[in-house]
Structure formats: structure tokens, C-alpha cells
Amino acid sequence: MPEVVLRAATEQDAADMLALYAPYVIQTTVSSEYTPPTLDEFLGRMRTYGQRLPWLVCTVDGEVVGYGYASPHRTRAAYQWSVETSIYVAQEWHRHGIAGAIYAALFELLAMQGYYNIYVGITSPNERSMKFHKAMGFIISGAYQESMYKFGQWRDVLWMGKSLRPHEGEPQPTVPFPEIKDSPLVARALRQAEQRIHL
């Protein structure tokens, strides 16, 4: 039986995560980048976002097969309770519940940290991604018409959002992920999400 592990990513995972991400940049409109980042650039992103937000990696028998993370939705103070999420799964590992497991874990961890909203931008057309996000509880928030130019074509970006908690009262400051990363609650959330993966 293969060993499936969903855990917090470390800098030692960066090269494998970048290798998984690069085809999305080169071959698809899922990423808005034209060229893959260098390893130093990728590590810089992990270090910057990871100061406050979770980066998760899924491995099967030690091989990185998917990863996901949260980043700030906007940088000004009033947006501090909202994040954007990105998830990438190796092509040969699609349809095994990996993306859903990463999302399930992110929902729990971000709620623990005190976040209220998650947003995701989906380059249109991408019916499969839209259906997946609807199944994960996202609703359509709006669209940026013809805002992205890639592969010789202007493309719309559809935005979908999901609430993590009721919007009642004054929000409290969020807790940086490194402060809770090693807690039993995080470990339990990761193990529960892991159960969604089927090989």
C-alpha cells in the first residue's frame, strides 16, 4: 500500500514543487506567468508567504505529487482577513482526490488562524476547475474581463470565493501559521484531509 502524506511544506521540497509547477507555466493558462520562476525566486515566495500562511505538500511514497498554499488577497490592512489559494497537482496524479484534500486542510488551517474568506482566480474557459471549486463550496464572485494575455489571446479571469466563518462583529488579528504549525489541531486537520485521497 503506497504511503500518502499531507504535511506542511519545507524548503527541502521547493525543487520538487517547482518541477511540478513549471509545466503549468509552460503549457497552460492556469498560471499567469510566462516563464517558470528560478529556484531562488520560488524559495523567496515560500519564505515571504510562509511567514504567515500555510504551504502544504502531498507526497506518495516520498514523491511530491501536489502542493497548495495561501497568499494575501490584497496587501492593504482592511483585506488582511482574506486570502487567495493556489493548488497544483502533477498531471499523472489528477482524479485521486489530492486537490480536494489540500483544500480541505487549507480550509481548516486558515479558519484556525482566524481568516474569513478564500478567493481563487480561474482563467477562462476552464469548466473542470469551475465545477471542482463549486464542489468545494466556492461561489462565483465576479470576473476580470480580458485581463490576462497569454498564448496569443486575451482571456477572462473568473473569481470564485468561499467564506470560512460568519462575518459577525469585529475580526481579531490572525495568527501566523508558524505559531500553530506543530500543534495537535493542525496534525489532526492534515490527517483528516488525507483521508480524502484515493489511489
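Overview of results
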{"item": "Within the chain: Cβ-based charge dipole about Cα centre, in debye rounded to nearest 20 (Lys, Arg +1; Asp, Glu -1)", "result": "540 debye"}
{"item": "Net charge, Leu20 excluded, C-beta distance under 13 Å - Lys, Arg +1, Asp, Glu -1", "result": "-4"}
{"item": "Unit charges at the beta carbon, dipole of the chain: most positive-side option, Pro2, Trp81, Tyr24", "result": "Trp81"}
{"item": "Fraction of beta bridges assigned by DSSP in region 83-184 that are antiparallel (%, nearest 5)", "result": "90 percent"}
{"item": "Diffusion constant of region 1-77 at 25 °C, which comes from Stokes-Einstein with the Kirkwood Cα-pair radius and 0.890 mPa s, µm²/s", "result": "183 µm²/s"}
{"item": "Rule-of-thumb Rg ratio for region 13-129 [Cα; 2.2 N^0.38 Å; N residues]", "result": "1.05"}
{"item": "Lysines with Cα under 21 Å of Lys134, excluding same-chain neighbours fewer than 8 positions away", "result": "Lys162"}
{"item": "Spatial extent of region 69-199: Rg and Dmax, with the Cα atoms as the point set, Å", "result": "15.9, 49"}
{"item": "Top positive-direction residue, dipole computed over the chain with Cβ charges, set Phe151, Val120, Pro36", "result": "Val120"}
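No value in this document is a laboratory result; all are computed from the given coordinates. Everything numeric here is computed off the predicted structure, so don't read it as measured data. We place every Cβ from the backbone using ideal geometry, glycine too, and count neighbours over all the protein chains shown.
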